[in-house]
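Participant: Quick one: structure below, then a few questions.
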């Protein structure tokens with residue numbers, strides 16, 4: 001699967017702290033190779049809009065959609 005970053009994701013990634021960027025890179029590698037990897041804890045959070053969430057760290061998440069053979073990265077943000 002290929003990974004496509006939205007402009008919003010790119011902006012948020014640029015502003016993220018260095019440790020979050022490192023963790024996000026690791027999560028993206030796992031996402032591209034094994035969506036079911038336990039550390040991602042990937043799940044569908046909105047079935048209507050087909051939005052999924054994957055864990056970057058305890059307090060950061062990546063929100064994405066799966067379209068055909070691509071992961072469309074929507075946002076990177078803090079988790080409540």
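The values are calculated or read from the model by the stated rules, or taken from the named source; none is laboratory data. The structure displayed is predicted, hence computed values, not measured ones. So basically every Cβ, Gly included, is an ideal-geometry build from the backbone, and we count neighbours across all protein chains shown.
Participant: Filtering the stretch 38-52 down to residues that are at negative phi and over 13 Å from the mean Cα position of the chain (by Cα), which residue is surrounded by the most Cβ atoms within 10 Å (Cβ to Cβ)?
Facilitator: It comes out as 46.
Participant: Still on this structure: Among the residues of the stretch 8-26, are any within 10 Å of the chain's Cα centre (by Cα), in a helix (DSSP H, G or I) and free of Cβ contacts under 8 Å to residues at least 12 places away in the same chain?
Facilitator: Within the stretch 8-26, one or more residues are within 10 Å of the chain's Cα centre (by Cα), in a helix (DSSP H, G or I) and free of Cβ contacts under 8 Å to residues at least 12 places away in the same chain.
Participant: Tell me which residues, restricted to the stretch 36-57, are touching a residue at least 12 places away in the same chain (Cβ under 8 Å) and outside any strand (DSSP E or B).
Facilitator: 39, 40, 41, 42, 49, 50, 56, 57
Participant: Modelled with pLDDT of 95 or more and touching a strand residue (DSSP E or B) at 6+ places or on another chain (Cβ under 7 Å), is that true of residue 20?
Facilitator: yes
Participant: Which count do you get for residues in the stretch 53-80 that are surrounded by 13 or more Cβ atoms within 10 Å (Cβ to Cβ) and either over 8 Å from the mean Cα position of the chain (by Cα) or modelled with pLDDT under 95 (or both)?
Facilitator: 8
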